[in-house]
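Below is one structure, written out as structure tokens; the observations come after it.
The values are calculated or read from the model by the stated rules, or taken from the named source; none is laboratory data. Because the structure is a prediction, the values reported are computed rather than measured. Methodologically, a virtual Cβ is constructed for each residue, glycine included, from the backbone with ideal geometry; neighbour enumeration extends over all protein chains shown. We work out accessible area using only protein heavy atoms, side chains counted, and drop any ligands, DNA or RNA first. Shrake-Rupley method; radii C 1.70, N 1.55, O 1.52, S 1.80 Å.
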Amino acid sequence: FASPSFKHEIYTGVVAGQNKVDLNIYYDPRDSVLWSRAGVYAARALEFYSDWLGAYPYPQMSVVSAPLSAGGGMEYPMVAQIGYMGDSASLDLVIAHEIGHTWLYGILANNERAHPWMDEGLNSYLQYLTQELWDNKFPSTGGVPANITDYMKLPKDQLEPIMTNSENIKNFGANAYDKVATGLNILRETIV
């Protein structure tokens, strides 16, 4: 995802807990309208996750557009790669999620292969909280109980416990991401 044609925006001194971070945003100039707020989204994510899980410990974070990739993203130490996003809400969601992986797996060192719920599920829950904090009308899907009912109604032989190893999960997204985020949301908002 290195390209000499990418537009590079840098934000210095972004607050991440008690630390200041340099934030780099790289994207194709043809996506300027969509990516114009990527720096705001990334700075909010760094601030929010730092408040909830401890200060971001690194000197910089780079958010990089990977326009030829399918939707979604991938995390690396100090880099969030973002695939094609069709709208700003999706871009905001994926930036927050991929930056969140800095803590959930990166700092906490959980094993996504053995326990995907600890990486994807906990991160999806915190991503849901960030979206609710920023805008309680955010079009979030993970964490909303109504959005997982179809999955939970499947026959028992098509459902797995969240502790299932990632290679054995039949519906990875619903089980590792959404079921965990929704369960924690119900625990926080209804039970506790």
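When you scan region 164-192, how many residues do you find that are surrounded by fewer than 12 Cβ atoms within 10 Å (Cβ to Cβ) and of a type in the set (A, V, I, L, M, F, W, C)? Show your work before the answer.
Just the residues of region 164-192 that are surrounded by fewer than 12 Cβ atoms within 10 Å (Cβ to Cβ), to begin with: 167-168, 187, 189-192.
Next cut, of a type in the set (A, V, I, L, M, F, W, C) only: 187, 191-192.
Qualifying residue count, region 164-192: 3.
Checking the conditions here, which among Asn185, Asn165, Asn175, Asn171 is among the polar types (S, T, N, Q), within 16 Å of Glu120 (Cα to Cα) and either in contact with a strand residue (DSSP E or B) (Cβ under 9 Å, 6 or more places away or on another chain) or in contact (Cβ under 8 Å) with a residue 60 or more places away in the chain (or both)? Before you say what the answer is, go through the steps one by one.
Working: Asn165 fails: either in contact with a strand residue (DSSP E or B) (Cβ under 9 Å, 6 or more places away or on another chain) or in contact (Cβ under 8 Å) with a residue 60 or more places away in the chain (or both); Asn175 fails: either in contact with a strand residue (DSSP E or B) (Cβ under 9 Å, 6 or more places away or on another chain) or in contact (Cβ under 8 Å) with a residue 60 or more places away in the chain (or both); Asn171 fails: either in contact with a strand residue (DSSP E or B) (Cβ under 9 Å, 6 or more places away or on another chain) or in contact (Cβ under 8 Å) with a residue 60 or more places away in the chain (or both).
On inspection, the qualifying residue turns out to be Asn185.
May I ask you to list the residues in region 113-143 that are in contact with a helix residue (DSSP H, G or I) (Cβ under 7 Å, 6 or more places away or on another chain), in a loop (DSSP other than H, G, I, E, B) and either open to solvent by 60 Å² or more (accessible area, probe 1.4 Å) or β-branched (Val, Ile, Thr) (or both)?
Matches in region 113-143: Arg113, Pro139, Thr141.
Look at region 144-163 and say how many of its residues are surrounded by 12 or more Cβ atoms within 10 Å (Cβ to Cβ), at pLDDT below 90 and not hydrophobic (A, V, I, L, M, F, W, C).
3
Go through region 12-101 and tell me which strands (runs of 3 or more DSSP E), entirely inside it, have 1 or more residues that are free of Cβ contacts under 8 Å to residues at least 40 places away in the same chain, within 23 Å of Gly143 (Cβ to Cβ) and not aliphatic (A, V, I, L, M).
Numbers: elements: 19-27, 60-65, 73-76, 79-82.
It comes to 73-76.
A quick yes/no check of all residues on (1) at pLDDT 95 or above; (2) open to solvent by 10 Å² or more (accessible area, probe 1.4 Å); (3) not aromatic (Phe, Trp, Tyr):
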residue: Tyr11; (1), (2), (3): yes, yes, no
residue: Asp28; (1), (2), (3): no, yes, yes
residue: Arg44; (1), (2), (3): no, yes, yes
residue: Ser62; (1), (2), (3): yes, yes, yes
residue: Ala70; (1), (2), (3): no, yes, yes
residue: Met74; (1), (2), (3): no, yes, yes
residue: Ala89; (1), (2), (3): no, yes, yes
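Quick one: which residue in Val94, Val15, Val33 is buried (at least 16 other Cβ atoms within 10 Å of the Cβ), among the β-branched types (Val, Ile, Thr) and out of contact with any Lys or Arg (no Cβ under 6 Å at 6 or more places or on another chain)?
On the way: Val15 fails: buried (at least 16 other Cβ atoms within 10 Å of the Cβ); Val33 fails: buried (at least 16 other Cβ atoms within 10 Å of the Cβ).
Exactly one of Val94, Val15, Val33 is buried (at least 16 other Cβ atoms within 10 Å of the Cβ), among the β-branched types (Val, Ile, Thr) and out of contact with any Lys or Arg (no Cβ under 6 Å at 6 or more places or on another chain), namely Val94.
Restricting the search to region 76-85, which residues are open to solvent by 20 Å² or more (accessible area, probe 1.4 Å) and touching a Leu at 6+ places or on another chain (Cβ under 8 Å)? Spell out the reasoning first.
The first filter runs over region 76-85 and keeps only residues open to solvent by 20 Å² or more (accessible area, probe 1.4 Å), leaving 76-79, 81, 84.
Passing the criteria: only Tyr84.
Which numbered condition in (1) without any contact (Cβ under 8 Å) to a residue 60 or more places away in the chain; (2) surrounded by fewer than 22 Cβ atoms within 10 Å (Cβ to Cβ); (3) closer than 21 Å to Ala38 by Cα is the only one that Tyr105 fails?
Failing condition for Tyr105: (3).
Residues of region 46-55 being open to solvent by less than 40 Å² (accessible area, probe 1.4 Å) and in contact with a Phe, Trp or Tyr (Cβ under 7 Å, 6 or more places away or on another chain), which ones? First the steps, then the outcome.
First pass over region 46-55, keeping only residues open to solvent by less than 40 Å² (accessible area, probe 1.4 Å): 46, 48-50, 54-55.
Residues satisfying the conditions are Leu46, Tyr49, Ser50.
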